[in-house]
Amino acid sequence: MNAEFIEALRAIEQERGISEGILIDAFESALVAAYKRNFGAVGNVRAVVDRETGEVQVFESKCVVEEVEEEHSEISLEDAKKINRLYEIGDVLEEEIDPRTFGRIAAQTAKQVVIQRIREAERGVIFEEYAEKENEVLTAIVQRVEKNGVYVELGKTDGIIPPAEMIEGETYENGQRIKVYVLEVKKTNKGPQVVVSRTHPWLVKRLFELEVPEIQSGIVQIRSIAREAGFRTKVAVFSADAQIDAVGACVGQKGIRVERIVNELHDEKIDIIEWDSDPAICIAKSLSPARVLMVYINEEEKAAKVIVPDNQLSLAIGKEGQNVRLAAKLTGWKIDIKSQSQAEDDADLLTGQDAVVFDDAEEAEAVEETVEE
């Protein structure tokens, strides 16, 4: 064993990302296992590899006794004094063993131990690498589709999209490239298991961060996001710089930026609205594409009643309530939508509440007059 051995370890370190120290520890453990396997030793054995020269030494601890009963854990006082005449009964000494005396079976044992330790080290390196990628977006290649999920390749390891994290109606084909959101990285006996998602709201958030330089730089911020995967997502964006159009930055010239995200999500609809510190304004914008006349705010209950033109009621509510449901998630407010006719017929619903007026002044004024009467 010499410096060439150390060079070989450093080459493995470069190739597999496993530190030289871990490799040397693995080799030392292998030598100990090999010696015990070869000689049936049960005592304390340790191996030392010089990190600079590659020189290997193996030592076995032995107790000094009057009469030896176990040769691999005991040494006679007479033999101990030949090493150092100061040894007495009960002392412990270390005797060096020549590794070249190890047999073929011992060498195989050492090889198996080294391989196992390298595999464990590789798994540890991969786990740490992907654990740092939790909550990030990765490009995955579909490997196979099974009942319990879609298995994907993520580079150095594989991942799984559980059924609950698949977009409804989305199909997957072998070799297909898709963007996935890393939910969790688990340690298993077979190595790290990476659980990824296609439905998580932050998948959309991360995709916007990749596509929009203004979000990457912090000029534009995503304040809130609400998603029903495969159908519709609402994103509230904001810029502290009055010169920056936050919505325009996310949409991109001719809609190119948001179009890339929509294509990645297989035509999922995306509404981008400008976030506002005034909850009434934010609620009105969140109901896009519907037109809002008035918003009545109840701060204590964090609830809002919204008045829309009669012909906008179904649009504001959305198919099966999706639009208003997403608006409520986006803003964090309970939202009750009424048409203009409903508000005029039941003005008591709005009595005593402050209104914020939007859009058509004449229509809003008609509602206000009914409430005042």
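A few comments on the model shown:
- Any hit, the range 230-253, residues being within 30 Å of residue 320 (Cα to Cα) and without any contact (Cβ under 8 Å) to a residue 12 or more places away in the chain: yes
- Being over 30 Å from residue 118 (Cβ atoms) and either assigned by TED's automatic domain parsing to the domain that holds residue 329 or touching a Ser or Thr at 6+ places or on another chain (Cβ under 7 Å) (or both) holds for only one residue in 178, 167, and it is 167.
- Residues in the range 170-219 that are within 11 Å of the chain's Cα centre (by Cα) and hydroxyl-bearing (Ser, Thr, Tyr) were compared, and the one that is farthest from residue 151 (Cα to Cα) is 181.
- Of the residues examined, residue 105 is one that is among the β-branched types (Val, Ile, Thr), exposed (fewer than 15 other Cβ atoms within 10 Å of the Cβ), within 30 Å of residue 190 (Cα to Cα) and modelled with pLDDT under 70.
- For beta carbons closer than 9 Å, sequence separation of 6+ or different chains, a first residue in the range 184-196 that is within 16 Å of residue 118 (Cα to Cα) and touching a residue at least 24 places away in the same chain (Cβ under 8 Å) and a second that is part of a strand (DSSP E or B) and of a type outside the set (Phe, Trp, Tyr), the qualifying pairs are 191/158; 192/185; 192/186.
A quick yes/no check of all residues on (1) under 30 Å from residue 338 (Cβ atoms); (2) touching a strand residue (DSSP E or B) at 6+ places or on another chain (Cβ under 8 Å); (3) at pLDDT 95 or above:
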{"position": "232", "(1), (2), (3)": "yes, yes, yes"}
{"position": "235", "(1), (2), (3)": "yes, yes, yes"}
{"position": "244", "(1), (2), (3)": "no, yes, no"}
{"position": "248", "(1), (2), (3)": "no, no, yes"}
{"position": "253", "(1), (2), (3)": "no, no, no"}
{"position": "258", "(1), (2), (3)": "no, yes, yes"}
{"position": "261", "(1), (2), (3)": "no, yes, yes"}
{"position": "286", "(1), (2), (3)": "yes, yes, yes"}
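- Tallying residues that are of a type in the set (D, E, K, R), without any contact (Cβ under 8 Å) to a residue 24 or more places away in the chain and under 20 Å from residue 228 (Cβ atoms) within the range 296-338 yields 2.
- Residue in the range 144-154 that is within 16 Å of the chain's Cα centre (by Cα), outside any strand (DSSP E or B), surrounded by 13 or more Cβ atoms within 10 Å (Cβ to Cβ) and not charged (D, E, K, R) present: yes
For every residue, the table says whether it meets (1) among the hydroxyl-bearing types (Ser, Thr, Tyr); (2) at pLDDT 70 or above; (3) farther than 14 Å from residue 293 by Cβ; (4) not assigned by TED's automatic domain parsing to the domain that holds residue 288.
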position	(1), (2), (3), (4)
310	no, yes, no, no
313	no, yes, no, no
317	no, yes, yes, no
322	no, yes, yes, no
330	no, yes, yes, no
334	no, yes, yes, no
354	no, no, yes, no
371	no, no, no, no
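So that you can scan it fast, the table gives a plain yes or no per residue for (1) loosely packed, with under 15 Cβ neighbours inside 10 Å; (2) modelled with pLDDT under 80; (3) not assigned by TED's automatic domain parsing to the domain that holds residue 21:
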{"position": "35", "(1), (2), (3)": "no, yes, no"}
{"position": "53", "(1), (2), (3)": "yes, yes, no"}
{"position": "57", "(1), (2), (3)": "no, no, no"}
{"position": "66", "(1), (2), (3)": "yes, no, no"}
{"position": "72", "(1), (2), (3)": "no, yes, no"}
{"position": "90", "(1), (2), (3)": "yes, no, no"}
{"position": "93", "(1), (2), (3)": "no, no, no"}
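- Criterion violated by residue 24 - all others in (1) modelled with pLDDT of 75 or more; (2) hydrophobic (A, V, I, L, M, F, W, C); (3) out of contact with any Cys (no Cβ under 9 Å at 6 or more places or on another chain); (4) farther than 30 Å from residue 189 by Cα satisfied: (4)
- Qualifying residue in the range 284-299 (condition: buried (at least 20 other Cβ atoms within 10 Å of the Cβ), in a helix (DSSP H, G or I) and of a type in the set (A, V, I, L, M, F, W, C)): yes
- Check on residue 203, assigned to a strand (DSSP E or B), surrounded by 17 or more Cβ atoms within 10 Å (Cβ to Cβ), modelled with pLDDT of 95 or more and not small (Gly, Ala, Ser): no
- Subset of the range 262-280 (residues that are of a type in the set (A, V, I, L, M, F, W, C) and either closer than 30 Å to residue 176 by Cα or part of a strand (DSSP E or B) (or both)): 262, 265, 270, 272, 273
- Scan of the range 260-304 for residues that are acidic (Asp, Glu) and closer than 19 Å to residue 239 by Cα, ordered by number: 271, 274, 276, 278
The values are calculated or read from the model by the stated rules, or taken from the named source; none is laboratory data. It should be emphasised that the depicted structure is a prediction, and the values quoted were computed from it without experimental measurement. Every residue, glycine among them, receives a Cβ derived from its backbone with ideal geometry; neighbour counts consider all protein chains shown.
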